[in-house]
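Below is one structure, written out as structure tokens; comments come after it.
Readers should treat all values here as calculations from the given coordinates under stated rules, not as data from a laboratory. Treat the numbers as computed from the prediction; the structure is a model and nothing was measured. Cβ: placed from backbone, ideal geometry, glycine included. Neighbour counts: every protein chain shown.
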Amino acid sequence: MSAISIETKKVTELTAFTAPTDSCLIPIHDGTGLKKITFANFRAKAVEGTEAKIAPLLFNNAGAHNAIYRGKSLGSTVTTAQYAAIKAGTFDDLYIGDYWTIGDVNYRIAAFDYYLNSGDTNCTTHHVVIVPDTCLYNAQMHNTSSGGWESGAANTTAGGYVGSDMYKSNLEQAKTTIKSAFSGHVLKHRIYLTNAVANGRASGGAWCDSEVDLMCEQMVYGSGIFSPVSDGSNVPANYRVEKSQLPLFQHEPSRICNRATWWLRDVITASGFAFVANGGIADFGNASFSFGVRPAFCIS
């Protein structure tokens, strides 16, 4: 009979091993004797209690996923599986702050189903609201022949956001870029936009189709900052479906300021719209300034 060689060493004398596979064996004593367990089974048992505790936070629906900020890179394209999860409204493995990098732009998840059940035509399509980290380019709310700030009549908010050159033409470049990056998946939905101004206040509006638009103060800050409000006699037409702060900015306020100045769509005076200043403050300014275009849009 051949002899069996048994190597006896102290634990501290064993060779270090830092890359166990699932099939590796670990000795374990259960109180009755020495047994063995695979690394895969040991790992599963070790995290069992933790998984049970966090499972209620990981339900696959918009509410649960709006409550968790992760900030993970999702690659350079939205996968078929990710689009399927969005369409189903389960949003599997997608969380606030996650982003795709397409054309050197980080497109970051800002909300899930933010517009669901809103609009004069009900939005019934599950969707993800996306906001780019950076401004796509600079443009004016009201164009001038010089392409830059001019005094006087060049600064007007007549016609509200819908009447602005930003809405009528200056967003076209952003729409082209975004529709190329998310081809066939940019959701058209209905929002209420200002189309008339009186005495520096929004005085009228209408339901409009939206694919790519500037954000409003409520989406960024959670409330109006400079937007005129009722004085007891005059009530501005501040109607909007965007009544709450985007979860992206709620969970991670540092995402609001990107060290550039960028436009919001709110009418503040007869000559100026709201914007986020490069120092992070809420501000407003003349419509002929050329500031950043950082729009929001939905994919489905």
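Please state the shape class of the stretch 137-294: rounded when a/c is under 1.5, otherwise prolate if a/b exceeds b/c and oblate if not, all from the C-alpha gyration tensor. Provide the component values of the computation, followed by the final result.
Working: a/c = 1.27, a/b = 1.13, b/c = 1.13.
Rounded, since a/c falls under 1.5.
Express in nm, to one decimal, how much length is gained between residue 90 and residue 10 on full extension, taking 0.36 nm for each residue of separation and deducting their alpha carbon distance.
Numbers: separation 80, 0.36 × 80 = 28.80 nm, distance 5.13 nm.
Length difference between fully extended and current span is 23.7 nm.
Computed from phi, the 3J(HN,Hα) profile of the stretch 123-139 under the Karplus parametrisation 6.51, -1.76, 1.60 (θ = phi - 60°) reads 7, 10, 8, 4, 7, 10, 8, 10, 10, x, 5, 10, 6, 6, 5, 9, 7 Hz, with x in place of Gly and Pro. For residue 34 and residue 122, the difference between the fully extended length at 0.36 nm per residue and the C-alpha to C-alpha distance is 25.2 nm.
In this structure the amide hydrogen of residue 275, modeled in the peptide plane, comes within under 5 Å of the amide hydrogens of 264, 283, 284, 285, none closer than 5 places in sequence on its chain.
When the chain is modelled as a GNM with alpha-carbon springs shorter than 10 Å, which of 198, 16, 46 fluctuates the most? Fluctuation is largest for 16. Computed from phi, the 3J(HN,Hα) profile of the stretch 293-299 under the Karplus parametrisation 6.51, -1.76, 1.60 (θ = phi - 60°) reads 9, 10, x, 10, 7, 10, 10 Hz, with x in place of Gly and Pro.
Annotation for residue 188 and residue 175: the two label points, set 7 Å from Cα along the Cα-Cβ direction, are 1.0 nm apart.
Between residue 206 and residue 146, what length comes free when the chain is fully extended (0.36 nm per residue of separation minus the Cα-Cα distance, one decimal in nm)?
Details: separation 60, 0.36 × 60 = 21.60 nm, distance 3.14 nm.
Full extension of this stretch gives 18.5 nm more.
The lysines whose alpha-carbon is closer than 27 Å to the alpha-carbon of residue 175, local same-chain residues fewer than 8 away aside, are 72, 87, 188, 243.
For the chain, a Gaussian network of Cα nodes joined below 10 Å ranks 87, 243, 35 by mean-square fluctuation, and the top entry is 35. With a Förster radius of 41 Å applied to the C-beta separation of residue 43 and residue 133, the computed FRET efficiency comes to 0.70. Can you give the FRET efficiency to the nearest 0.05 for residue 239 and residue 53, using r as the Cβ-Cβ distance and R₀ = 45 Å? E(calc), rounded to 0.05, equals 0.55. Histogrammed with a bin width of 10 Å, the alpha carbon distances of the chain distribute as 6, 23, 27, 16, 9, 7, 6, 4, 2, 1, 0 percent, first bin at zero. Taking amide H as placed 1.01 Å from N in the peptide plane, residue 111 has its amide H under 5 Å from the amide H of 129, each at least 5 places away in sequence or on another chain.
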